[in-house]
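Structure record follows, encoded as C-alpha cells.
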Ligand SMILES: [Zn+2]
C-alpha cells in the first residue's frame, strides 16, 4: 500500500514555470537551468523506483516516496522507504548517466561526455538517513525493526564500474530481486501488519515537504517573465486573445482553454492561491477586465466587488495544503 505517493515537488513545478517564462539571460538563468536539471533527475529517479515498487508481489508492504521529516533539529529526506513486518528499507536513487567508479578514498566518480565529477556517495547518504530515521522511530517508540539501505542507479545510460561493488548498490533492474532476497533472509515477522502501518502513518503525519519560494529567493518579479498563455500546440509563443478564444500567431492554433495552464503557472509562481481580477489580467496579458472576469467564472470568489479575489487552488490540488501553510 502506497502511504505517501510520489508527486512533483513544488520546487520542480516552480522551476518548470521559470524555465518556460524567465526572459533574462543572466546568472539566475543558469542557476534555474542547473537546479531544474538536478530536481528533474531526482524526480525521474523516484519515478523509476515507483514503477518497481508497483511490481512487488508481497503483502503487506507499505511504501512512502520523497519523505521529509525531522529527527531532533535536522530534516532527513528519503527517496523511497519500504516498510514490511520484518524490516524497513531505505532506497536512495541516483538518476545520473555515464560510467560510475569509486576511488580509494571511497569517493564516487561520474565520467560522462569526457568530463569527470565527484558524486555524493548514495550509500553514505542512505546511511545518514538510516541513523536519522532510527532516531525518529526511537522518539516515537517505533524502533522494533532493523533498517536496511540500498542505492540504485535509475538512468538507462549508466554503467557501474566498481571492482568492489557493494551488494546493496546496483542499477534499478536489480531492485526487485534485492527486495525479494531481503524478504527471504528476514522471513520471520517481528511486528504485526497494523504496527507496520502505524510506522508508515506516523512518518506521513510528520512529513514536511520543502517549500522554498525560488522566485522570492532569487528576487524574480513578474516583469522578469514572459506573461500570457503559451500555445498549447507549439509551446513557442504566447497566444493572443481574439474573438472569444486564444490564437497562436506562430502555428495558427486556436484554444479556448489556453489560459488554464497559465493560471496554474501564476499560482505556482506566487505560491499563493488568491488573485484579483487585476492580477490575473496582467498575468494573462489581457486588455479587458470583463474578459478576465468571464475566464474566472469557474473559480470561487471571495470578498466583495473591487476587493474580491478568486481562489485558484483547485488548479494544483495536490499542493493545496502547502499553499495554505505558506499563507498562514
Ligand atoms: Zn502555436
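Table for the structure above
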quantity	calculated
Matching residues, segment 229-244, being modelled with pLDDT under 95, in a loop (DSSP other than H, G, I, E, B) and more than 9 Å from the ligand (Cβ to nearest atom)	243, 244
Some residue of segment 234-254 being surrounded by fewer than 18 Cβ atoms within 10 Å (Cβ to Cβ) and touching a helix residue (DSSP H, G or I) at 6+ places or on another chain (Cβ under 6 Å)	no
Residue check for residue 224: touching a strand residue (DSSP E or B) at 6+ places or on another chain (Cβ under 7 Å) and away from the ligand (no atom under 16 Å from the Cβ)	yes
Of the criteria (1) assigned to a helix (DSSP H, G or I); (2) under 17 Å from residue 309 (Cα atoms); (3) over 24 Å from the mean Cα position of the chain (by Cα), which one residue 223 fails	(2)
Residues located in segment 273-290, provided they are within 19 Å of residue 220 (Cα to Cα) and part of a loop (DSSP other than H, G, I, E, B)	273, 284, 285
One residue from 100, 90 being under 23 Å from the mean Cα position of the chain (by Cα) and either modelled with pLDDT under 95 or surrounded by 15 or more Cβ atoms within 10 Å (Cβ to Cβ) (or both)	90
Check on residue 32, in contact with a strand residue (DSSP E or B) (Cβ under 8 Å, 6 or more places away or on another chain), at pLDDT below 95 and under 24 Å from residue 211 (Cβ atoms)	yes
Selected residue (only one of 44, 6, 49, 40 is surrounded by fewer than 18 Cβ atoms within 10 Å (Cβ to Cβ), closer than 22 Å to residue 172 by Cβ and in contact with a helix residue (DSSP H, G or I) (Cβ under 9 Å, 6 or more places away or on another chain))	40
Residue within segment 262-272 that is in a loop (DSSP other than H, G, I, E, B), touching a strand residue (DSSP E or B) at 6+ places or on another chain (Cβ under 8 Å) and modelled with pLDDT under 95 present	no
Residue match in segment 245-253 (condition: away from the ligand (no atom under 11 Å from the Cβ) and either in contact with a strand residue (DSSP E or B) (Cβ under 9 Å, 6 or more places away or on another chain) or in a loop (DSSP other than H, G, I, E, B) (or both))	yes
Index of the failed condition, residue 164 passing every other in (1) more than 23 Å from residue 204 (Cα to Cα); (2) touching a residue at least 40 places away in the same chain (Cβ under 8 Å); (3) under 23 Å from the mean Cα position of the chain (by Cα)	(3)
Residues within segment 261-293 that are within 18 Å of residue 315 (Cβ to Cβ) and within 16 Å of the ligand (Cβ to nearest atom), tallied	2
Matching residues in segment 162-213 - criterion: being in contact with a strand residue (DSSP E or B) (Cβ under 8 Å, 6 or more places away or on another chain), more than 18 Å from residue 83 (Cβ to Cβ) and part of a loop (DSSP other than H, G, I, E, B)	162, 164, 208, 209, 210
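Rundown of residues vs (1) in contact with a helix residue (DSSP H, G or I) (Cβ under 9 Å, 6 or more places away or on another chain); (2) part of a strand (DSSP E or B), yes/no style:
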| position | (1), (2) |
| --- | --- |
| 70 | yes, yes |
| 76 | yes, yes |
| 80 | yes, yes |
| 86 | yes, no |
| 92 | yes, yes |
| 111 | no, yes |
| 131 | no, no |
| 136 | yes, no |
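The values are calculated or read from the model by the stated rules, or taken from the named source; none is laboratory data. Since we're looking at a predicted model, the values are computed, not measured. Cβ sites come from the backbone with ideal geometry, for glycine too, and all protein chains shown count toward neighbours.
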